[in-house]
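Contents: one structure, followed by commentary.
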Amino acid sequence: MSIGHTLLGLLESGPRHGYDLKRAFDETFGHDRPLHYGQVYSTMSRLLKHGLVEVDGIEAGGGPERKRYAITDAGITDVERWLATPEKPEEYLQSTLYTKVVLALLTHRDAADILDGQRAEHLRSMRILTDRKRKGDLADQLICDHALFHLEADLRWLELTAARLDKLRAAVTR
């Protein structure tokens, strides 16, 4: 996820302080990975330097000064371009799990045990996500669906690989 573009998009509804941006991000996107304050302020500094935001006001208080940021026309254009650009699908051609299976075969270990252990871990994650989905709002349900569909595809790969272990062993140990 592009943190900068996400913060810019949040600013389109109006100027905000860094603290407000962090809170809005965490409530909307950061359920599993909330932003650190340092990440917000370093990102805002970079966006300011590139002319995508401007300081709309500075408030003095009991602590450090609070800058209120506003998106610029260039920032709006940048968000529009980012939103219109399709994300590159993740193809997982360098899978750690595939590497573990092949190394197990090369070192005469039981690759089926690795696949079984991974299957159990995937099923555990799926149970947790399904429970979260059942209890969550629409946004959480959609996020969980996305993760569940990826885990289901992984499970299909695990089953296919388990069925082909003898052929894979022969291919990698020639």
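Would you confirm, using the coordinates I've provided, whether residue 141 is assigned to a helix (DSSP H, G or I), polar (S, T, N, Q) and either farther than 30 Å from residue 169 by Cβ or out of contact with any helix residue (DSSP H, G or I) (no Cβ under 9 Å at 6 or more places or on another chain) (or both)?
Criteria met by residue 141.
For region 163-173, state whether one or more residues are modelled with pLDDT under 95 and in contact with a helix residue (DSSP H, G or I) (Cβ under 6 Å, 6 or more places away or on another chain).
yes
Filter region 10-50 for residues that are of a type outside the set (A, V, I, L, M, F, W, C), open to solvent by less than 30 Å² (accessible area, probe 1.4 Å) and over 27 Å from residue 132 (Cα atoms) and give the result.
Once the filter is applied, which keeps residues that are of a type outside the set (A, V, I, L, M, F, W, C), open to solvent by less than 30 Å² (accessible area, probe 1.4 Å) and over 27 Å from residue 132 (Cα atoms), region 10-50 yields 14, 17, 18, 43.
Consider only pairs whose beta carbons are under 6 Å apart and that are at least six residues apart or on different chains; among these, list those whose first residue lies in region 15-37 and is without any contact (Cβ under 8 Å) to a residue 60 or more places away in the chain and whose second residue is not in a helix (DSSP H, G or I).
Filtered contacts from region 15-37: 15/56; 15/68; 15/70; 17/66; 17/68; 22/35; 25/35; 26/34.
When region 39-69 is examined, which residues are found to be under 26 Å from residue 139 (Cβ atoms) and not aromatic (Phe, Trp, Tyr)?
Residues satisfying the conditions are 39, 40, 43, 44, 47, 52, 53.
The values are calculated or read from the model by the stated rules, or taken from the named source; none is laboratory data. What you are looking at is a predicted structure, and each value in this text was computed from that prediction instead of being measured. No Cβ is skipped: glycine too gets one built from the backbone with ideal geometry, and neighbour counts run over all protein chains shown. Calculation scope for accessible area: heavy atoms of the full protein, side chains included, ligands and nucleic acids excluded. Shrake-Rupley method; radii C 1.70, N 1.55, O 1.52, S 1.80 Å.
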